Amino acid sequence: SRSMGEIDSPLVFQCASCRTVITDSNQLVCTVEALDALIVDAVLGVTVSPPADSGSNSALQGSEFPADCITCDACSAPLGCQYSTAPAAVPAALAEQVVWRQLAPRYALRRDALAAYA
């Protein structure tokens, strides 16, 4: 039997500007309140590029170093950043976990840049 509110399929995350599908909840690694972001390990329909000003902080607050910027391919809306190591705003306990020690980069998608549906 299914409990009330249980979702059978993944939650799909779209660009809030144009509704292009970016990722789904199967790719969700964690959320980081300090960044107001979802951390996922796979995205599609995006471009990852170096920040325009390599000396500035990333598009997400709390980073001590520039991170690559993620934009929607369909509408060029900024979606977040790609990190290969944990940004400063990530709590130390989380940064020590396997989430940030794996070789694959992580994508921090700003919650306000996404829309979701089940």
Would you pick out the residues in region 17-48 that are outside any helix (DSSP H, G or I), of a type in the set (Gly, Ala, Ser) and surrounded by fewer than 19 Cβ atoms within 10 Å (Cβ to Cβ)? Ser17, Ala42, Gly45
Taking region 56-86 and the residues there that are small (Gly, Ala, Ser) and open to solvent by 70 Å² or more (accessible area, probe 1.4 Å), the one that is modelled with the lowest pLDDT would be Ser84
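The values are calculated or read from the model by the stated rules, or taken from the named source; none is laboratory data. Please read all numbers here as calculations on a predicted model, not as lab measurements. Cβ sites come from the backbone with ideal geometry, for glycine too, and all protein chains shown count toward neighbours. We work out accessible area using only protein heavy atoms, side chains counted, and drop any ligands, DNA or RNA first. Shrake-Rupley method; radii C 1.70, N 1.55, O 1.52, S 1.80 Å.
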